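Visitor: Here it is, the structure in full.
The values are calculated or read from the model by the stated rules, or taken from the named source; none is laboratory data. This is a predicted model, so every value here is computed, not measured. Counting neighbours? That spans all protein chains shown, and the Cβs are built from the backbone with ideal geometry, glycine included.
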Amino acid sequence: MNKKLISFVVPAYREEKNISLFYDEFKKTFADLEGKYDYELIFVNDWSPDETWAEILKICEIDPNVKGINLSRNFWKEIALTAGIEHSLGDAVITIDADGQHPVEKIPQFLDSWKEWYDIVYNKRPKTEGATWFKNFSSKIFYKIYNAVSDFKLEEYTTDYRLLDRRLVNNFKKFWEKNRMYRGLTDWMGFKKKALIFDAKKRLDGGSSSYWYKALYGLAVNSLTSFSVFPLKLVGYLGFLMTFIGSILFIFVLIDRFTINSFNFSNITGILLVNTILIGIVLMSLGLIALYIARIHEEVQARPMYLVDEKINF
Ligand code: UDP
Ligand code: MG
């Protein structure tokens, strides 16, 4: 019987202390699976300023199943994941963090669900234990805003610890947008999904996430603009509101002026209101034009998503 190949995609940024710890834990877990599966372990170094790449090279030397991709600059986790997935050959791909927060001992569960017939198996957290108040609060707010304004709803508390069947991976390669959210895109694809509920662990090096604070903001803005054009629509809505309120007030002023005249409005009031209505109409049109421009802008950016500096063991 042919053994199935499982690709593990591990994005790494400032993980010099974690790479070898992660590898050891991974080997321990995979030892039990070796009879059934082959593996390739793809580390994607997201241009870390520390010794992360050197650590990856060391492991590549002793284990030919370990592969390294060094990106040409820091492209952020979403793109690092993409680069790894695009280079993978496995029948299934598992994306997992390098810092140990995604427990490797759950890998067999992912594979079992995959074998059952699921195409996409993802980790969902009951709650983020040990996470700061800020992180819990901000992720809650993020999902609230996101789901309120975007056309496609995201499931809350899911993570990037996921298994994708090759069918999904092949489809994933067709996405070309640069402002991307891995979780959102894989959710969007549909297929047969299963959630595995378990919590994140502490980081192997005991340090704190380098990524969260900068990423939360970037991800929120990116995902808002990539799945919806809400910020642009907002201008249009504002215009609509101004026109609407302006018109009502204008009618009120007209009626009052030509009947009981209780407020004694001057002509200036009327002129101001007509102005407001006109500005509103202009803003509405701007919102509409912005929508078209956004579409065009998304289409014409033909830059590559990422550049690779070096590849090892491919
Ligand atoms: N990461 C990356 N590029 C970045 C930041 C982070 O590839 O610019 C990697 C990081 O090495 C880790 C994963 O993405 O494997 C998640 O990052 P982190 O642990 O900092 O975030 P959190 O645990 O808060 O999701
Ligand atoms: Mg982490």
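Visitor: Among the helices (runs of 4 or more DSSP H) lying completely within the range 174-289, list those that include at least 2 residues that are loosely packed, with under 13 Cβ neighbours inside 10 Å and modelled with pLDDT under 85.
Guide: Here the list reads 212-227.
Visitor: Could you pull out the residue among LEU5, LEU57, LEU33, LEU41 that is assigned to a loop (DSSP other than H, G, I, E, B), more than 16 Å from ligand 2 (Cβ to nearest atom) and surrounded by 15 or more Cβ atoms within 10 Å (Cβ to Cβ)?
Guide: Criteria check complete, one pass: LEU33.
Visitor: Tell me, please, whether a residue that is in a helix (DSSP H, G or I), hydrophobic (A, V, I, L, M, F, W, C), at pLDDT 95 or above and out of contact with any Asp or Glu (no Cβ under 7 Å at 6 or more places or on another chain) can be found in the range 66-80.
Guide: no
Condition check ((1) within 16 Å of ligand 1 (Cβ to nearest atom); (2) of a type in the set (Ser, Thr, Tyr)) across all residues:
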| position | (1), (2) |
| --- | --- |
| CYS60 | no, no |
| ILE69 | yes, no |
| SER72 | yes, yes |
| TRP76 | yes, no |
| THR95 | yes, yes |
| ASP112 | no, no |
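Visitor: Name the residues in the range 154-168 that are of a type in the set (Asp, Glu), more than 16 Å from ligand 2 (Cβ to nearest atom) and in contact with a helix residue (DSSP H, G or I) (Cβ under 6 Å, 6 or more places away or on another chain), would you?
Guide: Answer for the range 154-168, where residues must be of a type in the set (Asp, Glu), more than 16 Å from ligand 2 (Cβ to nearest atom) and in contact with a helix residue (DSSP H, G or I) (Cβ under 6 Å, 6 or more places away or on another chain): just GLU156.
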